[in-house]
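Accompanying notes for the structure given below.
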Amino acid sequence: MSGPLHGQRAVVTGGSGILGRVMALTLAEDGAAVYVGGRTAESSEQAIAEVLEGHPNRAELQGRLTPLVFDVLDPASMHAAAAEVDRAGGTDILINAAGGNVPSASTTPDTTFFDVDLRAVEKVIDLNLIGTVAATQAFARGMCERGQGVIVNVSSMSAVRPLTRVLGYSASKAAVDNFTQWLAVNLAQQYGRGLRVNAVAPGFFLTEQNRYLMLNGDGSPTPRAQSVLAHTPQGRFGEPGDLASTLRWLVSPHSAFVTGIIVPVDGGFSAFAGV
């Protein structure tokens, strides 16, 4: 199978995370050569192995998924990784999926706003905002030289409707939304109309970063998770595959006149007022 993205090269930061690996698989299924970013070769290789396990086209897809080692908090490592992709022809699609939360950057029943560790807040901002900006500086330079390319950032419902407790995460994802819009204008005006920047804002998906907030030790939903589901009209958590069709649209020519938007993939959460 060749696919609509045949001949294009995609880089997925945070490719070893749950959402990142599914997005990498989606692009590979559509024919792209995908570089799965991770802080170690082992983490990227494991992500590739897990996402391909049981896939009917495993042999073919395996040749399209390549580990790429870098840390979004280490610009030097990203520029070295970008040079590696450039030697293969350059990055056509950049998915900024790296990010996450730090529990100590959140309030708890025992930790008030005044007790939150500011170093933890700074770390979350670095992970979500600075990592996205730095990765774009590294991997999008070649796009700008060619005047053609697509960037998709990963935001969150917490950017649109700030959630209780997750102080650092909400603020950093709101900044990602702002950066998405700013960058869409900047690249189109300075480097060409063929450069597009958008974001997806997942609703409530179970990930490594939020599992501690959503599930009790026995796997049952916490009161917070019950509240989330009660405010999600579709009444369920998102599945990583729910992002696939939105991603396919954003990286395809079908969205050629779409830039600077944040697309909710949230089961109706952002549309529901609770009554």
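Given all pairs of different Cα atoms, what value in angstroms does the Kirkwood hydrodynamic radius of the range 183-275 take?
Details: mean 1/r = 0.0656 Å⁻¹.
Evaluated on the range 183-275, it is 15.2 Å.
Test of understanding: extend the Cα→C-beta vector of Gln189 to 7 Å, then name every residue of the range 125-164 with backbone N under 17 Å from that spot.
none
Scan the chain and note any complete DSSP helix (H) whose C-alpha atoms cover at least 15 Å along its axis and whose Kyte-Doolittle average is -1.0 or more. Please list the in-between numbers first.
Numbers: long enough: 18-29 (17 Å, 1.38); 41-52 (17 Å, 0.19); 75-87 (18 Å, -0.15); 167-191 (35 Å, 0.02).
Span-like helices in the chain: 18-29, 41-52, 75-87, 167-191.
Based solely on its DSSP helices, what 222 nm [θ] is calculated for the chain when runs of n ≥ 4 H residues each add -39,500 (n - 2.57) and the sum is averaged over all residues, nearest 500 deg cm²/dmol?
Rounded to the nearest 500, the figure is -12000 deg cm²/dmol.
Note the direction-averaged projected area, equal to a quarter of the hull surface, for the Cα convex hull of the range 1-157, in nm².
Over all viewing directions, the range 1-157 projects a mean Cα-hull area of 10.6 nm².
Grab the beta carbon distance between Glu42 and Ala88, set R0 = 25 Å, and tell me the FRET efficiency rounded to 0.05.
0.70
Let me check I have the definition right: for the chain, take the eigenvalues of the Cα gyration tensor, multiply each by 5, take square roots. What are those semi-axes in whole Å, largest first?
Whole-Å semi-axes of the equivalent ellipsoid: 30, 21, 19.
How about the range 52-118: which GluC sites (Glu not before Pro) there lie in a loop by DSSP and see at most 15 other Cβ atoms within 10 Å?
Within the range 52-118, the qualifying GluC sites (Glu not before Pro) (loop, at most 15 other Cβ atoms within 10 Å) are Glu53.
When the Cα centres of the range 31-83 and the range 120-181 are compared, how far apart do they sit, in Å?
Spelled out, the Cα-based centre of one part sits 20 Å from the other.
Given Val197, Ala159, Gly217, which one lies farthest toward the positive end of the charge dipole of the range 158-230, if we put +1 on the Cβ of every Lys and Arg and -1 on the Cβ of every Asp and Glu?
So the residue furthest toward the plus end is Val197.
At what distance in nm do the modelled label points of Gln137 and Asn178 sit from each other, each positioned 7 Å from its Cα along Cα→Cβ?
That separation, rounded to one decimal, is 1.8 nm.
Going highest first, how would you order 229-241, 178-190 by mean Cβ packing within 10 Å?
Peptide ranking by packing, descending: 178-190, 229-241.
Taking Rh as the Kirkwood radius computed over C-alpha pairs, what is the Stokes-Einstein D of the range 72-126 at 25 °C in a medium of viscosity 0.890 mPa s, expressed in µm² per second?
My calculation gives 177 µm²/s for D.
Starting from the Cα of Arg211, step 7 Å along the direction of its Cβ; do the same at Gln234; then give the gap between the two resulting points in nm.
2.2 nm
Values in this text are rule-based calculations from the coordinates and carry no lab data. Treat the numbers as computed from the prediction; the structure is a model and nothing was measured. Here the Cβ is made from the backbone with ideal geometry for all residues, glycine too, and neighbour counts use every protein chain on show.
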